[in-house]
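First up is the structure itself, then whatever we jot down about it.
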Amino acid sequence: PLETRLISETVSVCKPEQVAKQIVKDAIQGNFNSSIGSDGYMLSSLTCGMAPVTSITEGLQQVVTMGLFRTIALFYLGSFDSIVRRCMMQRAKSEIADKT
C-alpha cells in the first residue's frame with residue numbers, strides 16, 4: 001500500500017544479502033542483537049527488554065541512550081501516523097468521488 005511505501009522511504013532499505021551478512025557476522029561474534037545503521041541500532045536498543053548483553057558497555061549504552069532514543073522514536077511514530085492519516089483521507093475522498 002501507499003502508506004508502506006511512504007513510511008519505507010523515511011529510511012534506507014538494505015539488500016537481503018547485506019542483512020544476512022550482518023546477522024551471520026554478529027552470530028559468529030556471539031552478539032544476541034543484530035542491527036544495521038543508526039536507525040537499526042536505535043530500534044535494537046529500544047526493544048532490548050530482557051535480552052542478554054554481551055558486555056557491560058553494551059548494557060550501559062542501552063541504559064544511557066534509552067530516553068533519547070524514545071524521544072526520537074516518538075517523532076518517527078508521529079510522522080508515520082501522519083502518513084497513514086493522510087493516505088486514509090485521500091482514500092476516503094477517492095471513494096466519495098467514485099460514488100458520485
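The values are calculated or read from the model by the stated rules, or taken from the named source; none is laboratory data. Predicted, not measured: the structure shown is a model, and the values here were computed from it. When we count neighbours, we look across all protein chains shown, and the Cβ atoms used for this are built from the backbone with ideal geometry, even at glycine. Keep in mind that these areas ignore ligands, DNA and RNA; they rest on the heavy atoms of the full protein, side chains included. Shrake-Rupley method; radii C 1.70, N 1.55, O 1.52, S 1.80 Å.
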Quick one: Cα convex hull volume of the range 53-99, Å³ per residue? 63 Å³
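What are the DSSP H helices in the chain that stretch 30 Å or more along their long axis, judged by alpha-carbon atoms, and whose average Kyte-Doolittle hydropathy comes to at least 0.0? It would help to have the intermediate numbers written out before the result.
Working: long enough: 56-99 (61 Å, 0.24).
Span-like helices here: 56-99.
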Taking 8 Å as the Cα distance limit and 6 or more residues as the minimum spacing, I'd like the relative contact order of the chain as a percentage. 28 percent
Treating only the Cβ atoms of Lys and Arg (+1) and Asp and Glu (-1) as charged, compute the dipole magnitude of the chain about its Cα centre; round to the nearest 20 debye. 240 debye
Which one, 66, 2, 77, is farthest towards the positive end of the dipole of the chain when Lys and Arg carry +1 and Asp and Glu -1 on their Cβ? 2
Percent of Cα pairs exceeding the 18 Å cut-off, where the set is the chain: 62 percent
Positive dipole terminus of the chain, leading residue within 56, 38, 11 (C-beta point charges): 11
For the chain, with every protein chain kept in place, what is the accessible area per residue (1.4 Å probe, Å²)? 77 Å²
Computed for the range 53-99: size of charge dipole around the Cα centre, +1 on C-beta of each Lys and Arg, -1 on C-beta of each Asp and Glu, debye to nearest 20, value 280 debye
